[in-house]
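Enquirer: Quick one: this structure, given as structure tokens, is what I'll be asking you about.
The values are calculated or read from the model by the stated rules, or taken from the named source; none is laboratory data. What you see is a predicted model, and the numbers here were worked out from it, not measured in a lab. Glycine gets a Cβ as well: all are built from the backbone with ideal geometry, and neighbour counts include every protein chain shown. Accessible surface is based on the protein model in full, side chains and every heavy atom, while ligands, DNA and RNA are left aside. Shrake-Rupley method; radii C 1.70, N 1.55, O 1.52, S 1.80 Å.
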Amino acid sequence: VQLQASGGGLVQAGVSLRLSCAASGLPFGSYVMGWFRQAPGKEREFLAAIARSGDNTYYEDFVKGRFTVSRDNAKNTLYLQMSSLKPEDTAVYYCAASRRLYSVAYRGSAYDYWGQGTLVTVSS
């Protein structure tokens, strides 16, 4: 199983950025998918999750209205559209796949597979 996150980079505050996560080696449409991030010196935190069919999404409060998670099951790809980026959004962003219930998708422990992460740096 591989989850390949991409799309990170150095951007200025206020701009938008879209992250992608290409999945292989698993039945993508059978997995709940999530995005997490870890800033330097901080613990990993949940950002968003999307149900298997893509018809339900869940966001951590601090990203609601700025981040949008989506998926394309035909392309085995997960996305995270981020807007109005802030310096405090600087972190390594990880995608993850879970076979468990969507109701626990906010828990890192619910995920079976993790991508390698993509670094997003937001300058002020």
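Enquirer: Of the conditions (1) touching a Phe, Trp or Tyr at 6+ places or on another chain (Cβ under 9 Å); (2) open to solvent by 20 Å² or more (accessible area, probe 1.4 Å); (3) small (Gly, Ala, Ser); (4) under 16 Å from Arg100 (Cβ atoms), Ala51 satisfies every one except a single condition; which number is it?
Expert: Unmet condition: (2).
Enquirer: Inside the stretch 54-64, can you point out the residues that are hydroxyl-bearing (Ser, Thr, Tyr) and either in a loop (DSSP other than H, G, I, E, B) or open to solvent by 70 Å² or more (accessible area, probe 1.4 Å) (or both)?
Expert: Selection gives Tyr58 alone.
Enquirer: Based on what the data block shows, is Ser123 among the polar types (S, T, N, Q) and either open to solvent by 50 Å² or more (accessible area, probe 1.4 Å) or within 18 Å of Leu3 (Cβ to Cβ) (or both)?
Expert: Details: among the polar types (S, T, N, Q): yes; either open to solvent by 50 Å² or more (accessible area, probe 1.4 Å) or within 18 Å of Leu3 (Cβ to Cβ) (or both): no.
Considered against the rule, which asks whether it is among the polar types (S, T, N, Q) and either open to solvent by 50 Å² or more (accessible area, probe 1.4 Å) or within 18 Å of Leu3 (Cβ to Cβ) (or both), Ser123 comes out as no.
Enquirer: If you take the residues in the stretch 65-106 that are open to solvent by 70 Å² or more (accessible area, probe 1.4 Å), among the charged types (D, E, K, R) and within 15 Å of Tyr31 (Cβ to Cβ), which one is modelled with the highest pLDDT?
Expert: Ranking the qualifying residues of the stretch 65-106, first place goes to Lys75.
Enquirer: Next question. Please name all residue pairs, on different chains or six or more residues apart, with Cβ atoms under 7 Å, provided the first residue is in the stretch 70-93 and is free of Cβ contacts under 8 Å to residues at least 12 places away in the same chain and farther than 14 Å from Ala49 by Cα and the second residue is open to solvent by 30 Å² or more (accessible area, probe 1.4 Å) and in a helix (DSSP H, G or I).
Expert: none
Enquirer: For the structure I just gave you, tell me whether Gly14 is outside any strand (DSSP E or B) and either in contact (Cβ under 8 Å) with a residue 12 or more places away in the chain or open to solvent by less than 40 Å² (accessible area, probe 1.4 Å) (or both).
Expert: So Gly14 passes the test.
Enquirer: Sticking with this one: Looking only at residues that are among the basic types (Lys, Arg) and outside any strand (DSSP E or B) in the stretch 21-48, which one is most open to solvent (accessible area, probe 1.4 Å)?
Expert: Per the stated criteria, the residue is Lys42.
Enquirer: A follow-up question, please. Take the residues of the stretch 83-122 that are touching a helix residue (DSSP H, G or I) at 6+ places or on another chain (Cβ under 7 Å) and in a strand (DSSP E or B): which is nearest to Tyr58 (Cα to Cα)?
Expert: My answer is Ser98.
Enquirer: Then there is this: For the stretch 69-84, which positions are within 16 Å of Ser123 (Cβ to Cβ) and within 15 Å of the chain's Cα centre (by Cα)? Can you show your working first?
Expert: If we filter the stretch 69-84 for residues that are within 16 Å of Ser123 (Cβ to Cβ), which is where we start, we get 82, 84.
Result: Met82, single match.
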